[in-house]
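Everything on this sheet refers to the single structure shown next.
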Amino acid sequence: MELTHSLEDYLEAILIINREKKVVRVKDIMKYFGYKVSSVNRALMVLREKGFVFHEKYEYVELTPQGAMIAERIYERHKLLVKFFSKILNVSPELASKDGCNIEHYLSEESFKKLSLFVEFLEDRHPNIVKEWHQHLLAETSEGSDSLKLSDLKKGESATIRKIKAKASLKRKFLSMGLIPGEKVVVERVAPFGDPTDIVIKGYHLSLRKEEADQILIERDIKS
Amino acid sequence: MRRIKIALAGNPNSGKTSIFNNLTGSHQRTGNWPGVTVEKREGYFTYRGIKIEVVDLPGIYSLSAASIDEKIARDYLFQEKPDAVVCIVDSSNLERNLYLVMELIEMGMNVVIDLNMADLAEAEGLEIDEEKLSLLFKRPIVKTVANKGAGIDTMKDAIIFAYESMKITCECDTTCPFYSMCPFKKSCPYPSSTTIVSESPFINYHVSAENAVSEVSTLLSNYHVNGNLRWLSLKLLEGDQHIMHMVREKYGIKNIENFIQTLAAKVEKEIDNDIITSLIETRYGFIKGIVSECVTRKRRRKASRELSDKIDRVVMSRVLGIPIFLAMMYLTFKIVFALGGPLSDLISAGFDYLSSWISNLLTGIGASNALISFITNGVISGAGAVIVFLPNILLLFFVISILEDSGYMTRAAFVMDKFMHTLGLHGKSFIPMILGFGCNVPAIMATRTLKSRKDRILTILVIPLMSCSARLPIYVLFASIFFPGHEDIVVFSLYLLGIVLAIFVAKVMKGIFFKEEVAPLIMELPPYRLPQWKNSLQEMWLRSRLFLTKAGTIIFGTVVVIWILSSLPVGVEYASGESIIGQIGKFIAPIFKPAGFGFWQAAVALIFGILAKEVVVGTFGTLFGGAKILSNVLPHYFTPISAYSFMVMSLIYIPCIATVATIKSEVGWRWALVTVSYSLILGWFLSVLIYQIGILL
């Protein structure tokens, strides 16, 4: 009983929506994917024919026990993969979710089980190894990611200054005000119109415009 | 009496002004630093029979000469070589504040370190071991709480000690009057006098950097360069363009730029870091070491900062930031104008009364009409024209000083900066522009809160386009005669026109005068503090006095000149068509023909409007035989279209003489002339445009 990846995604989506809202309407599925009504209806028709969903026109969509089984399987894999990518590999949440969506369809039962045990093993029993690995990761990748700037940080995020990339006089100004490599910065808040930004450095508040914050290269601190 | 000369240095918000006021009391004066528009304060005090002259340097974070303030401070220290420099340090933020101390010491200054706001540090649970700090910096240290006046006498002792220690033989025992502040006590490395100051180097940099420093020093000494060569070499290696220029032009080291570049490249390769970063990092590293040795944190809570953060969470929030700002602006505006207005009216009435009283008195003793007119219309109204601004200006500087000292000013700038920056201005430009709706004179004085010259001048140039309250009588007169029932829309359109033009003029002026200049926003948001009444009052008085002496003279002079022009040749009726001013009016009237008001009375009214805009109304009254019949007479001269174009002209053309004089005294003749010429051209052009389009429709 082979299903296309897209149909598997539909089952997973119905499961997720169902857990949030109790009932699932065609409209919810459209909103979830951003698809048109025609494509959603077409997919639902196929799923109904194959016996994975109950669905009459203008009524709620429901998973059949068979459909629910597949949906659960895909969703479990999705959660595990996102956790692995974001918590262990320190990939950004958006990217972790995207990669999870792609790989979830291919992961064999055995690999899934073993990966699940691996993540559990690291997180619960050896958090220090994870920490050390993150430091290693930072050291190895920061040279390559030349582009992360202070202006990329959002409110509440913190980072370590890596380098000041400004012309001599401005560079002296930044450095002499304590914005030196290795120093920690926290973005406290952003002004109502979106600029400037209020940061905390060496225990005091400093406001910078985006133009200035662009010239300060940073390393994001890994949240643990 | 012996005299010594000292300077006060320190970060902004370190309480420097408070220390200055405490030291000098009422013996102080303000002016500008030569050639620039930055405020300079000087004063003196006498202590132990020595007259100590104090210069208050602008608040700075370092001597890197990145801003005009830093350049002024550095040039002063370098050229004037004060006998001692007191560096005021905010004890609750030691690391960053001590950076300036380091730079001053490296420059070879005779530094006294003042740990100010000692109470704040204590409240935050910081314990500072002064003795150790003093020993590590090899400089005397005093603790003060400036806003309570605590520690000031000790500071005076320390200043004299720092000065004397360059010459006296150190006794090194407890009877020495300076024993308590001597950093060395009995372990003095200079048992037989001589200088503490020239002892160098203070810190050692990376060995490659040190080699480079000695190479540059050698070059400099070969060319007989004066001054602290180590410091100069360090600055050159940091890429300091001002020092580079000086060395090249004054000492003729033509290849200095190449020499430094090659050397810097070599160092950078050896240490695998850029040289500027490396040097400054080393200084901060040194400070960090000292601080970790001398400061212990007893408690973890930072009480005052926490309160400050709590306030900021509201005051700078996305939702409430703007409403709170607008409310503060409204309050400022109200205090300055609603409170100041009645006082100004009172002063006006007082001068009117004085004028008629003297006029009666003079008539009684048989003085000639010309003399009476000169004294009443010339001298007394001239003095009145100056003093009438005083209530607004006093209140303005009081409010501004409270906004600044409390820390709110920087928050206001933070909230508004994005909006103002898109217009090419600064977040702090907003406040002066709002004040401009009340009166342009205090508005221009309020631009003192702007630190960058570019931001300040651009703001000053557009302030005259804000319709001040003196223009309202003109609008009301014409709108009520020519647009009855629509007065509000007409007046509102003029206010709006002014704002639109301000945006336009700011853009154009930036393109003409400040194309290359960028003024980065690197602004500290200091913790909120309770402003000190005494400080604010002193601030208010000093700045207002400057207005009276500098702008006042010009205003007074102009009033007298206009009187002369209106009264000559002898025997003519005051300001009539036969007087000189009437002749001038007749001469220039044709210029305004394309704008729809090419008759001499309008031209004369506009000339009088230069004295103060509302005088335009009074002049029409005089010229057309009384204010009461204006509504019958004016329609013979104006159509609704030409009336509107005349209002536009009144809005834009030459701001009143008080405004021009204030611009001159704040930023110099050049910018006063720029304002006068652009406003004349823009005003004429727009009123012609409006009239011509109007008659076509």
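For region B:490-540, which residues satisfy the criterion of being within 14 Å of chain A (Cβ to nearest Cβ) and of a type in the set (A, V, I, L, M, F, W, C)?
B:V518, B:A519, B:L521, B:I522, B:M523, B:L525
Condition check ((1) more than 19 Å from B:L229 (Cα to Cα); (2) out of contact with any Lys or Arg (no Cβ under 6 Å at 6 or more places or on another chain)) across all residues:
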residue: B:L57; (1), (2): yes, yes
residue: B:I60; (1), (2): yes, yes
residue: B:L63; (1), (2): no, no
residue: B:A66; (1), (2): yes, no
residue: B:D69; (1), (2): yes, yes
residue: B:I72; (1), (2): yes, yes
residue: B:L77; (1), (2): no, yes
residue: B:C87; (1), (2): yes, yes
residue: B:R96; (1), (2): yes, no
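For residues in region A:158-172 being under 13 Å from A:V185 (Cα atoms) and basic (K, R), which is nearest to the other protein chains (Cβ to nearest Cβ)?
A:K163
Just need a number here: residues in region B:266-288 that are open to solvent by 10 Å² or more (accessible area, probe 1.4 Å) and either within 22 Å of B:N222 (Cβ to Cβ) or modelled with pLDDT of 90 or more (or both).
Qualifying residue count, region B:266-288: 8.
Identify the residue in region B:84-101 that is among the hydrophobic types (A, V, I, L, M, F, W, C) and either open to solvent by 10 Å² or more (accessible area, probe 1.4 Å) or within 10 Å of chain A (Cβ to nearest Cβ) (or both) and, among all such residues, is farthest from B:G151 (Cα to Cα).
Filtering first and then ranking leaves B:L100.
For region B:456-467, indicate whether the set of residues that are open to solvent by 30 Å² or more (accessible area, probe 1.4 Å), out of contact with any Asp or Glu (no Cβ under 6 Å at 6 or more places or on another chain), in a helix (DSSP H, G or I) and closer than 27 Å to B:P526 by Cα is non-empty.
Within region B:456-467, not a single residue is open to solvent by 30 Å² or more (accessible area, probe 1.4 Å), out of contact with any Asp or Glu (no Cβ under 6 Å at 6 or more places or on another chain), in a helix (DSSP H, G or I) and closer than 27 Å to B:P526 by Cα.
Tell me the residue from B:K418, B:K428, B:K451 that is free of Cβ contacts under 8 Å to residues at least 24 places away in the same chain, out of contact with any Lys or Arg (no Cβ under 7 Å at 6 or more places or on another chain) and within 14 Å of chain A (Cβ to nearest Cβ), please.
That would be B:K418, the only listed residue that is free of Cβ contacts under 8 Å to residues at least 24 places away in the same chain, out of contact with any Lys or Arg (no Cβ under 7 Å at 6 or more places or on another chain) and within 14 Å of chain A (Cβ to nearest Cβ).
Yes/no per residue for (1) surrounded by 21 or more Cβ atoms within 10 Å (Cβ to Cβ); (2) more than 14 Å from every other protein chain (Cβ to nearest Cβ); (3) in contact with a Cys (Cβ under 7 Å, 6 or more places away or on another chain); (4) aliphatic (A, V, I, L, M):
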{"site": "B:L23", "(1), (2), (3), (4)": "yes, yes, no, yes"}
{"site": "B:Q28", "(1), (2), (3), (4)": "no, yes, no, no"}
{"site": "B:G31", "(1), (2), (3), (4)": "no, yes, no, no"}
{"site": "B:E42", "(1), (2), (3), (4)": "no, yes, no, no"}
{"site": "B:S67", "(1), (2), (3), (4)": "yes, no, no, no"}
{"site": "B:P82", "(1), (2), (3), (4)": "yes, yes, no, no"}
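Suppose the filter is among the small types (G, A, S), in a helix (DSSP H, G or I) and in contact (Cβ under 8 Å) with a residue 24 or more places away in the chain; does B:G621 pass it?
Judged against the criteria, B:G621 is not a match.
Which residues, taken from region B:557-585, are touching a residue at least 60 places away in the same chain (Cβ under 8 Å) and either in a loop (DSSP other than H, G, I, E, B) or touching a Lys or Arg at 6+ places or on another chain (Cβ under 9 Å) (or both)?
B:V570, B:Y574
Going by the structure shown, is A:K155 modelled with pLDDT under 90, within 14 Å of chain B (Cβ to nearest Cβ) and under 20 Å from B:D274 (Cα atoms)?
no
When you look at B:K510, is it crowded, with 16+ Cβ neighbours inside 10 Å and either of a type in the set (D, E, K, R) or touching a helix residue (DSSP H, G or I) at 6+ places or on another chain (Cβ under 9 Å) (or both), yes or no?
When the stated conditions are applied, B:K510 passes them.
Could you tell me which residue of region B:515-535 is nearest to the chain's Cα centre (by Cα), considering only residues that are buried (at least 20 other Cβ atoms within 10 Å of the Cβ) and within 17 Å of B:N21 (Cα to Cα)?
Within region B:515-535, the match that is nearest to the chain's Cα centre (by Cα) is B:N535.
Would you mind finding the one in B:L497, B:L477 that is touching a Leu at 6+ places or on another chain (Cβ under 9 Å) and buried (at least 19 other Cβ atoms within 10 Å of the Cβ)?
Just one listed residue meets the conditions, B:L477.
Is there any pair linking a residue in region A:184-208 that is more than 7 Å from chain B (Cβ to nearest Cβ) to one that is in a loop (DSSP other than H, G, I, E, B) and among the acidic types (D, E), with Cβ under 9 Å and at least six apart or on different chains, and which?
Here the result reads A:K184/A:D221; A:V186/A:E157; A:V187/A:E157; A:I201/A:E183, each pair linking region A:184-208 to a residue that is in a loop (DSSP other than H, G, I, E, B) and among the acidic types (D, E).
Within region A:2-54, how many residues turn out to be in a helix (DSSP H, G or I) and either open to solvent by less than 40 Å² (accessible area, probe 1.4 Å) or farther than 20 Å from A:K98 by Cβ (or both)?
32
Could you count how many residues in region B:240-281 are of a type in the set (D, E) and part of a helix (DSSP H, G or I)?
So the count comes out to 5.
Six or more apart or on different chains, Cβ atoms under 9 Å: show the pairs whose first residue is in region B:334-350 and of a type in the set (K, R) and whose second is open to solvent by 90 Å² or more (accessible area, probe 1.4 Å).
Close Cβ pairs satisfying both conditions: none exist.
Looking at region A:88-95, can you tell me whether even one residue there is modelled with pLDDT under 90, assigned to a helix (DSSP H, G or I) and of a type in the set (A, V, I, L, M, F, W, C)?
Scanning region A:88-95, I find at least one residue that is modelled with pLDDT under 90, assigned to a helix (DSSP H, G or I) and of a type in the set (A, V, I, L, M, F, W, C), so the answer is yes.
List the helices (runs of 4 or more DSSP H) that sit entirely inside region B:53-137 and contain at least 1 residues that are out of contact with any Phe, Trp or Tyr (no Cβ under 9 Å at 6 or more places or on another chain) and modelled with pLDDT under 90.
B:68-80, B:118-123, B:130-137
Tell me, which residue of region B:44-65 that is within 14 Å of chain A (Cβ to nearest Cβ) and hydroxyl-bearing (S, T, Y) is surrounded by the most Cβ atoms within 10 Å (Cβ to Cβ)?
B:S64
The values are calculated or read from the model by the stated rules, or taken from the named source; none is laboratory data. Note that the structure is predicted; figures quoted are calculated from it, not measured. Here Cβ is always computed from backbone atoms with ideal geometry, including for glycine, and neighbour counts include all displayed protein chains. Each accessible area value is taken on the protein alone, full model and side chains, heavy atoms only, with ligands, DNA and RNA left out. Shrake-Rupley method; radii C 1.70, N 1.55, O 1.52, S 1.80 Å.
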